[in-house]
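A.B. asks: There's a structure below that I have some questions on.
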Amino acid sequence: MLIELSGVSKIYNQGRANEVRALTDIDLGVEQGSMVCLKGPSGSGKSTLLAIIGCIFPPTSGKAAIAERQLARLPDRFLTLHRRETIGFIFQRFNVLPELTVLENITLPLLPLGVAPKERKLRAQELLERFSISHRAQFPAGQISGGELQRVAIARALINNQPIILADEPTAHLDTTLSREFMEIMQQLKATGKTIVIASHDPLVFEHPAIDRTVTIKDGRIHVP
Amino acid sequence: MAQTNLEKQINILDYALSSLWRRRMKSLNVLLVFAAVIFLLASFQMVTQALSDKAKQVLVYTPEITVQKMSAGRQEAIPLAYRDKLARIFGIRRVVPRIWGYYFDEVLLANYTVMGMDVEEMPEGSRLDTTLASGRMPTPDEQGRVVIGHSVKKALDLEGRTTFSFFRPDLSLKAFTVSGEFSRDTDILTNDLIVMNLADARDLYAIPAGMVTDLCVYVANPKEIDTIARKISEALPSVRVLTRPQIQKTYQVVFGWRSGFGSICLLSALAAFVILAWDKASGLSPEERREIAILKVLGWETSDILAVRFWESVIVSGLACILGITAAYIHVVYFAASLFRPVLMGWSVLRPDLHLLPRMAAGDILLILAFTVIPYLAATVIPAWRSATVPADSALGG
């Protein structure tokens, strides 16, 4: 298993008056090269689970192993280093920086890795061509269409060739055509061996034939119908 | 590894530059205000240094000891007979009588300094004629000949002629012909000065024969100035004895006090700027919070984000320093420190038109950096720590 969670719980502000239990006893395994959808309504805990898988923070209790590395009690700095090497993120609304150019946005994850400008440009151009947006390379990201923005976000998640792609409600602000296009790209990535976890409550996503498994989350627990 | 680290710092510096460019209006405003503060501080430092240097340089031409007669706490004419008493003190090389006074020009509302002295009596090496830009000093038997400073020439409008007249106390006119001009290097002392021979000065002020205003004493060994001054005080209890080091010290204290006062005012302005910078750096706009969260999810560490803030501050403060110090240099050299002249040189009625050459030693630059860049870096980078700890998950949805 590339992603293995066992008895994972997450409590925000533990011991304080505003304590919130976001996840309870989550057991989840994701095999390499598979595509899993985390389904559930807003506030069900999908993003929290995605954040744990994405090494943004460790679980409060339970075991979480991502790419053979145990996350529990791992200091923040090592979580970041592990995330850099392992995880590519696609955000809701794609979260690009609108004043930066498309090329600059795509290469952002490479800056703290000390990758030289020439190498950065080379890697970005390869992805720009793959997603047919090379003509937009020098455009500010705030001035391109929604479909192009989506491809910029995917290219940024792939720039460091990480084995795992996490997408958080990627189609929430897309029309049907762009949502379908997004899933087609995910399918292509799956075919190249990437492991993909998508948090979404969009039927276009969880009913897509490329999805290997759908996990329903309700009130912080895995819901078995 | 070292190569990667260097490349990483270059990448972060590159990002800091692009970040400043993206917020160029805000960055430009901060840069201009900061440069203005540095400009004021550097100008003040340069003009104070230049004036002190100039004073030190030209006071070499003043006598080593000046003796004046005091009565009821006020200065009065001193008898020439005291000269013989002084000549008997061992260690005195020469005693030169001098008439020193002021002449108020009611038409031009200008105040000139008049010095009557037989320059040939002055010892070699201390002679005023070495400070001339043109002409020569009047000899004791040349009547009505004067050497003048730069501003006197301008005030009397002597561009096309060489003669002018002053009123004696009985309102009769005394005519003078300009026979030379002082070098502008000695402006700080000679700018408003008119030098004539002793007889002409006595005639102009109607000072009786056998009396002068001061006796200038030159000593054989400059290291013994204080000892000889003490001997003079003991031999002539009714006189005031002024030594060159005392006069030099007075100048330094005056400039020091004035520059200190000015510096305190300017440092207050700097403190206000630093507080403003701190306040700005502490507050985060929603866009900035979002940007930090995105960067962190993309694998940036807190230290990387702090490094971006650090480089941004270094770039802004470095540029502000270059701009501020360059503007200060231009202000002092080409505009004669016009902003600070009233503070540093506001005594004379005849405004001295000094030609200042600013001196900026490495120590002065370090001092300005210490008082400006370091507080600015502290004020922007320390609160940035708070910004850099924005949790990465705030970039994710609910």
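A.B. asks: Tell me the accessible surface of B:Lys153 in square angstrom (1.4 angstrom probe, heavy atoms of protein chains only), to the nearest ten.
C.D. replies: About 50 Å², ignoring ligands and nucleic acids.
A.B. asks: Once the convex hull of the alpha carbons of segment A:100-225 is built, what does its volume come to per residue, in cubic angstrom? Mind dumping the intermediate values first?
C.D. replies: Numbers: hull volume 16.3 nm³, N = 126.
With only Cα atoms used, segment A:100-225 gives 130 Å³ per residue.
A.B. asks: With both partners inside segment B:92-219, how many of the DSSP beta bridges are antiparallel, as a percent to the nearest 5? Please list the in-between numbers first.
C.D. replies: On the way: 24 of 32 bridges.
Of all bridge pairs located within segment B:92-219, approximately 75 percent are antiparallel.
A.B. asks: Check which residues have an amide H placed less than 5 Å from B:Arg93's amide H, if you skip close sequence neighbours.
C.D. replies: For B:Arg93, the qualifying residues are B:Tyr218, B:Val219, B:Ala220.
A.B. asks: Would you grab the residues whose amide H sits under 5 Å from the one on A:Ile90? Only those 5+ places off in sequence or on another chain, please, with H modelled 1.01 Å from N.
C.D. replies: Here A:Leu166, A:Ala167, A:Asp168 satisfy the definition.
A.B. asks: For segment B:106-115, what does the Karplus curve 6.51 cos²θ - 1.76 cosθ + 1.60, with θ = phi - 60°, yield as ³J(HN,Hα) per residue in whole Hz, taken in order and with x for Gly and Pro?
C.D. replies: Per residue, the Karplus-derived 3J(HN,Hα) values read 5, 6, 8, 6, 10, 10, 9, 9, 10, 10 Hz.
A.B. asks: Taking 2.2 N^0.38 Å as the expected size of a compact globular protein, what ratio does the Cα radius of gyration of the protein assembly as shown give against it, to two decimals? Let's see the in-between values first.
C.D. replies: Numbers: Rg = 40.8 Å, N = 623, 2.2 N^0.38 = 25.4 Å.
Here the answer is 1.61, to two decimals.
A.B. asks: Another question, then. Kindly state, to the nearest 0.05, the FRET efficiency for B:Tyr329 paired with B:Asn111, given R0 = 30 Å and r defined as their beta-carbon distance.
C.D. replies: Numbers: r = 31 Å, r/R0 = 1.05.
Using R0 = 30 Å, I get an efficiency of 0.45.
A.B. asks: Sticking with this structure for a sec: Taking 2.2 N^0.38 Å as the expected size of a compact globular protein, what ratio does the Cα radius of gyration of segment B:1-108 give against it, to two decimals? Display every interim value, and only then the final one.
C.D. replies: Details: Rg = 31.1 Å, N = 108, 2.2 N^0.38 = 13.0 Å.
It is 2.39.
A.B. asks: When a/c is below 1.5 the answer is rounded, else prolate if a/b is larger than b/c, else oblate, so apply that to segment A:52-95 with a ≥ b ≥ c taken from the square roots of the Cα gyration tensor eigenvalues.
C.D. replies: Because a/c hits 1.5 or more and a/b exceeds b/c, segment A:52-95 counts as prolate.
A.B. asks: So what is log10(I(q)/I(0)) for segment A:104-176 at q = 0.16, 0.20, 0.24 1/Å, when the Debye sum runs over its Cα atoms only?
C.D. replies: Values returned for q = 0.16, 0.20, 0.24 Å⁻¹ are -0.57, -0.88, -1.19.
A.B. asks: Using alpha carbons only, what's the Rg to Rh ratio of segment B:92-219 with Rh from Kirkwood?
C.D. replies: Numbers: Rg = 14.0 Å, Rh = 14.8 Å.
Radius of gyration over Kirkwood radius for segment B:92-219 works out to 0.94.
A.B. asks: Continuing with this model, one more query. Convert 20 °C to kelvin, take the viscosity as 1.002 mPa s, use the Kirkwood radius over C-alpha pairs of chain A as Rh, and evaluate the Stokes-Einstein diffusion coefficient in µm²/s, rounded to a whole number. It would help to have the intermediate numbers written out before the result.
C.D. replies: Working: Rh = 18.0 Å.
This corresponds to a translational diffusion coefficient of 119 µm²/s.
A.B. asks: Relative contact order for segment B:92-219: what is it in percent, counting Cα pairs under 8 Å that are at least 6 residues apart? All intermediate terms of the calculation are to be shown ahead of the outcome.
C.D. replies: On the way: 266 pairs, mean separation 48.0, N = 128.
Relative CO of segment B:92-219 lands at 37 percent.
A.B. asks: Just how far, in whole angstrom, is segment B:188-258 from segment A:201-225 if you go by their alpha carbon centroids?
C.D. replies: So the separation of the two Cα centres works out to 101 Å.
A.B. asks: List the residues, sorted by chain then number, that are 5 or more residues from B:Thr213 or on another chain and whose placed amide H is less than 5 Å from its amide H.
C.D. replies: Correct list: B:Ile78, B:Arg98, B:Ile99, B:Trp100.
A.B. asks: In addition: Could you tell me which of the pairs B:Lys56/B:Lys85; A:Lys46/B:Lys26; A:Lys39/A:Lys121; A:Lys190/B:Lys296 are separated by over 28 angstrom between their Cα atoms in the structure shown? Spell out each step's value before the answer.
C.D. replies: Values: B:Lys56/B:Lys85 31 Å; A:Lys46/B:Lys26 39 Å; A:Lys39/A:Lys121 36 Å; A:Lys190/B:Lys296 26 Å.
From the list (B:Lys56/B:Lys85; A:Lys46/B:Lys26; A:Lys39/A:Lys121; A:Lys190/B:Lys296), the Cα-Cα distance tops 28 Å for B:Lys56/B:Lys85; A:Lys46/B:Lys26; A:Lys39/A:Lys121.
A.B. asks: While we're here: Which angle between 0 and 90 degrees, to the nearest 10, do you get for helix A:76-86 versus the longest principal axis of chain A when only C-alpha atoms count?
C.D. replies: 60
A.B. asks: Which value in deg cm²/dmol, rounded to the nearest 500, describes the helix-derived mean residue ellipticity at 222 nm for the protein assembly as shown, given -39,500 (n - 2.57) per DSSP H run of n ≥ 4 and division by the residue count? Each step should come with its number before you reach the end.
C.D. replies: Values: 19 runs with 278 residues, N = 623.
Calculated at 222 nm, the ellipticity per residue is -14500 deg cm²/dmol.
A.B. asks: For segment B:149-173 and segment B:1-40, what is the separation of their Cα centres, given in Å?
C.D. replies: About 59 Å separates the Cα centre of segment B:149-173 from the one of segment B:1-40.
A.B. asks: Residue by residue through segment B:227-239, what is 3J(HN,Hα) from phi via Karplus (6.51 cos²θ - 1.76 cosθ + 1.60, θ = phi - 60°)? Round to whole Hz and write x for glycine and proline.
C.D. replies: So the J values, rounded to whole Hz, are 5, 5, 4, 5, 4, 5, 4, 6, 6, 10, x, 8, 9.
A.B. asks: In angstroms, what radius of gyration and Dmax does segment B:64-109 have, counting Cα atoms only?
C.D. replies: Gyration radius and largest Cα-Cα distance of segment B:64-109: 14.7, 48 Å.
A.B. asks: Follow-up. Rounded if a/c is under 1.5, else prolate if a/b is larger than b/c, else oblate: which is segment A:1-129, with a ≥ b ≥ c the root eigenvalues of its Cα gyration tensor?
C.D. replies: Numbers: a/c = 1.95, a/b = 1.80, b/c = 1.08.
The shape class here is prolate.
A.B. asks: Also, I was wondering about something else. For A:Met1, B:Met196, what's the largest-to-smallest order of accessible area, 1.4 Å probe?
C.D. replies: Working: A:Met1 125, B:Met196 0 Å².
Correct descending sequence by accessible area is A:Met1, B:Met196.
The values are calculated or read from the model by the stated rules, or taken from the named source; none is laboratory data. As the structure is a prediction and not an experimental result, all values here were calculated from the model. Virtual Cβ from ideal backbone geometry, glycine too; neighbours counted across all protein chains shown. These accessible areas exclude ligands, DNA and RNA; they are computed on the full protein's heavy atoms, side chains included. Shrake-Rupley method; radii C 1.70, N 1.55, O 1.52, S 1.80 Å.
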